[in-house]
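The values are calculated or read from the model by the stated rules, or taken from the named source; none is laboratory data. Quick caveat: nothing in here was measured; it's all calculated off a predicted structure. Cβ coordinates were reconstructed from backbone atoms using ideal geometry, including for glycine residues, and neighbour counts include every protein chain displayed. The protein model used for the area step is the full one, side chains on, heavy atoms only, and it has no ligands, DNA or RNA in it. Shrake-Rupley method; radii C 1.70, N 1.55, O 1.52, S 1.80 Å.
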Amino acid sequence: MNPTIINGTEISRIIREEIATEVAVLKSDHNLIPGLAVVLVGDDPASAVYVRNKGRACEEVGIYSETINLPSTTTQSELLNKISDLNQDPRFHGVLVQLPLPTHISQRSIILSLDPKKDVDGLHPINVGRLVEGNPNFIPCTPAGIQQLLMRSGQDPAGKHLVVCGRSDIVGKPIAIMMMQKQEGANATVTICHTGTKNLGDITRSADILVAAIGRPRSITADMVTDGVVVIDVGINRVEDSSRRSGYRLVGDVDFEEVSKKSMAITPVPGGVGPMTIAMLLTNTVKAARLTLETSN
């Protein structure tokens, strides 16, 4: 089987063009420039790369962006004070705290401190609750990207059995909630698998659409899927590769080479879900800016 490669790089490029057009309209019609503040605590190399890419993406589409770099020694109280300032700063319609945080800082406390109207990651309990009821303000960025990948590649989940491997607050739980809604781009029958799931392969083989968000390289193998499956690989894992100058390469949670032989459509790693996550962050930031127009009228 020759699968369709769901090209997240290309789809995200199209979305960014749409966002740039919308930002231009906000500027011309309302004198409004969407703004995003990104807070980075510590010097984790991967987080630094993600934050840098987010800044570049904002600049590309005309969103004002500022990165607040704080040392790893920053206390929880200091971080809470900074978030309070950003919540009140009218330049920023979205505030994002890059995760993970240093271990001495409570991630939950930080998420709770965000103004829900600026929580463009969609992690505040108020935004999670709105997602559950089917009336979200902000959809978490990676799940939103997955939904766009499916819809824009012609893989409508409606009526399909969608299996999610992983139950994280950032990906697994929200994508499951989204996909069960009786709405466009959803309306699927959803099963969630996790570390406590017995006979995992029996469940994954029943999937029409499989979302792999496990966090372990090549965990989904060819014997775990059936012919014609659509595979969305969320994983980004470093594995050793002595042929690369860096000494490693990126692979997903799916054994792409073998699983792709049985797939109708599949996302690559890199170039699949990753670019979509940033595109959805831009989308949420613009939406946050638009919401300020509605509340001011």
Rounded to the nearest whole number, the per residue volume of the convex hull around the C-alpha atoms of the stretch 1-156 in Å³ is 145 Å³
For M151, the accessible surface traced by a 1.4 Å probe with all protein chains present amounts, in square angstrom to the nearest 10, to 60 Å²
For the chain the mean separation of alpha carbon contacts under 8 Å (6+ apart) over residue count, i.e. relative contact order in percent, is 22 percent
The chain: spread of alpha-carbon positions along the three principal axes, whole Å, largest first, is 52, 42, 35
Longest principal axis of the chain (C-alpha) makes with the long axis of helix 141-152 (C-alpha) an angle, in degrees to the nearest 10, of 60 degrees
Sorted largest first, the C-alpha extents of the stretch 142-255 along its principal axes in whole angstrom are 48, 30, 28
Taking alpha-carbon centroids only, the stretch 76-131 lies from the stretch 1-68 a number of Å equal to 19 Å
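Please work out how much length the chain gains when fully extended from R52 to N2, using 0.36 nm per residue of separation minus the C-alpha to C-alpha distance, in nm with one decimal. Don't jump to the answer; show the numbers that get you there.
Details: separation 50, 0.36 × 50 = 18.00 nm, distance 3.56 nm.
Difference between extended and current length: 14.4 nm.
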SASA check, E133, accessible area w/ 1.4 Å probe, all protein chains in place, rounded to nearest 10 Å², comes out at 120 Å²
Output ordering of 8-21, 266-279, 67-80 (per-residue mean of other Cβ within 10 Å, highest first) is 266-279, 8-21, 67-80
Sorting D241, D223 on solvent-accessible surface, 1.4 Å probe, most exposed first, gives D223, D241
For the chain, the longest principal axis of the Cα atoms and the Cα long axis of helix 76-88 enclose an angle in degrees, to the nearest 10, of 70 degrees
With Cα coordinates, the longest principal axis of the chain makes an angle with the long axis of helix 8-30, in degrees rounded to 10, of 20 degrees
